[in-house]
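To start, the structure itself, in structure tokens.
The values are calculated or read from the model by the stated rules, or taken from the named source; none is laboratory data. The structure displayed is predicted, hence computed values, not measured ones. Every residue, glycine as well, gets a Cβ built from its backbone with ideal geometry; the counts of neighbours run over all protein chains shown. Surface accessibility is based on the protein's heavy atoms, side chains included, excluding ligands, DNA and RNA. Shrake-Rupley method; radii C 1.70, N 1.55, O 1.52, S 1.80 Å.
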Amino acid sequence: MADFSFTQDQLRELAADVLRHAERLGATACETDVSEGVGQSVTVRKDAVETIEFNRDKGIGVTVYLGRRRGHASTSDFSAQALRATVEAALSIARFTAEDAAAGLPEPELLAREDLDLDLYHPWDLPVEAAIALARRAEQAACAVSPLVSNSEGATVSAHSAHFISANSLGFMGGFPSSRHFISCVPIAQRGKDMQRDDWYSGHRDPRDLAAPEAIGDYAARRALSRLGAKKLKTRQCRVMLEAPLAAMLIGSFVHAASGGSLYRKASFLVDALGKKIFPDWMRIDEHPHLKKGLASSPFDDDGVATHDRSVVQGGVLQGYFLSTYTARKLGMRTTGNAGGSHNLIVAPSPDAPPAAAGLAGLLRQMGTGLLVTELLGHGINYVTGDYSRGAAGYWVENGAIVYPVHEITIAGNLKDMFAGIETVGRDAVTRGSRTVGSIVVNRMTVAGS
């Protein structure tokens, strides 16, 4: 781990120092996170280097408990004096906070005790000159597609590595290094006064798994070109297909609504939905926290609770929420190991599901007539009611073929109806963050245009 200034053993010793300070100063319980990250990002625009960014950061977060009173403080100073001052600050905060019956460390039997190697750390030895060359290759490939692509918002190559240790006064201590790298390109196509942009990227733990920069630039340029001549649609109701990256965002809305923070605050339309059917009976969503190289893989959550494979949705029925130790207690339930978020959700039809065509072209033929959405704008989602309304752009489809691009429209519906009305989950799956899913066809939404 030559990229880091501290070793894992040094981070462990810092975490142990924090726990010792907290015990000596009278805390009834303590948890801490010690982390360090390093990275670089290079952006090239119109063949010129636009930005070169380096980052190196570190930090220690300390949470202490005085009974059911909680205090938190943090510092980026790793000196012994700073650690003690941070613990004292957290204790001072705890003394002035109200008691919370849900506060406290997880039950000891739920903590992770097993070390798992999930193959998450693949540092990228990438000199700045090499990163610039990769970014140029992506942008040049985009411009080579057509003379109409002569401008861009840039191509970016980013490499990042981090490591951490989490520990608490119940004897838990765990952590690991990880990496995340990506290449992106955002070309602009122009015909006369008509300008359209689009983008594509590839992101992985291991740089050897990244798509070739030429492929990224070429595909992004073709996406931008295909949007030239975009029209508005007249307001209507129709089938809507969310392209796979946007389908991942729709599943993200499900995760938000099914998360403990939204549920115990009664700020979700999925309150009391456990055990109820919310998706079609052929649909399932599984969580796999231990996938090798997974972008959201981890042997434990932010509370130190061990993670496990589980079925979140089976037969369209909601089998489990996404709960941390705190939110589970607020709901009178048991943590699901999701402090910090979901872990590698995979959305897939069950074996008896209606067959999904292969590839986007096959899905369009299967849909017949409707709207293919490739970009969403704004954040018009009311999670209390499920009402959904977002700006959109994409393509109008008739008889299974794209007829023309569309823009300046809004798609609207209700998440409850949208989930229940999913007709197809495509086999064109992509992974975006913690979610892997193919394009999703919703049977009916309102498309507002001219």
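Sort the following peptides by mean Cβ neighbour count (other Cβ atoms within 10 Å, averaged over residues), highest first: 87-96, 136-145.
Values: 87-96: 18.2, 136-145: 22.2.
Per-residue Cβ counts within 10 Å, averaged per peptide and sorted highest first, yield 136-145, 87-96.
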(request) Work out the length of the dipole vector of the chain about its Cα centre, built from +1 on the beta-carbon of each Lys and Arg and -1 on the beta-carbon of each Asp and Glu, and round it to the nearest 20 debye. (result) 1600
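Give the relative contact order (percent, whole number) for region 233-358; include only Cα pairs under 8 Å separated by 6+ residues.
Details: 207 pairs, mean separation 34.1, N = 126.
It rounds to 27 percent for region 233-358.
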(message) Just to verify a number: FRET efficiency for A358 and L274, C-beta to C-beta distance, R0 = 60 Å, to 0.05?
(response) 0.95
(request) Can you grab the distance from the C-alpha centre of region 353-423 to the C-alpha centre of region 241-282, Å, no decimals? (result) 17
(request) Largest first and in whole Å, give the semi-axes of region 198-279's equivalent ellipsoid, each being the square root of 5 times a Cα gyration tensor eigenvalue. (result) 34, 23, 10
(request) For the chain, find the longest principal axis of its Cα atoms and tell me its angle to the long axis of helix 8-24, 0 to 90°, nearest 10. (result) 50
(request) Return one number: the angle in degrees, 0 to 90 and rounded to the nearest 10, between the long axis of the Cα atoms of helix 80-95 and the longest principal axis of the Cα atoms of the chain. (result) 90
(message) Take S253 and D9, extend 7 Å from each Cα along the Cα→Cβ direction, and tell me the distance between the two endpoints in nm.
(response) 5.2
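Let me know the whole percent of all Cα-Cα pairs from the chain that are separated by more than 38 Å.
The answer is 33 percent, as a whole percent.
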(request) Enter the angle in degrees (range 0 to 90, nearest 10) between the Cα long axis of helix 213-226 and the first principal axis of the Cα atoms of the chain, meaning the one along which they spread out most. (result) 50
(request) Work out the FRET efficiency for K231 and I52 from their Cβ-Cβ distance, taking R0 = 60 Å, and round it to the nearest 0.05. (result) 0.90
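Taking the Cβ of V38 as the centre, find all other residues whose Cβ is under 13 Å away and add up their charges (Lys, Arg: +1; Asp, Glu: -1).
Numbers: positive: R56, K58, R180; negative: D3, E36, E53, D57, D125.
Value of the local net charge: -2.
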(message) What does the charge count around A144 come to, taking other residues whose C-beta lies under 13 Å from its C-beta (Lys +1, Arg +1, Asp -1, Glu -1)?
(response) -1
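Kindly rank 54-64, 279-289 from highest to lowest mean number of other beta carbons found within 10 Å of each residue.
Working: 54-64: 18.3, 279-289: 20.5.
Listed from highest to lowest mean packing, they are 279-289, 54-64.
With the contact rule set at Cα under 8 Å and sequence spacing of 6 or more, what percent relative contact order holds for region 354-402?
Working: 67 pairs, mean separation 20.9, N = 49.
Computed value for region 354-402: 43 percent relative contact order.
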(message) What number comes out for accessible area per residue over region 83-198 if the probe is 1.4 Å? Units Å², please.
(response) 46
(message) Which one, A401, V34, G203, is farthest towards the positive end of the dipole of the chain when Lys and Arg carry +1 and Asp and Glu -1 on their Cβ?
(response) A401
(message) Under 10 Å, Cα contacts only: if you run a Gaussian network model on the chain, which one of A16, A247, A135 comes out with the highest mean-square fluctuation?
(response) A16
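Return the carbon/sulfur percentage of the accessible area of the chain, one whole number, probe 1.4 Å, all protein chains in place. Can you show the working numbers first?
On the way: 9920 of 19700 Å².
On the chain, the fraction of accessible area on carbon and sulfur atoms equals 50 percent.
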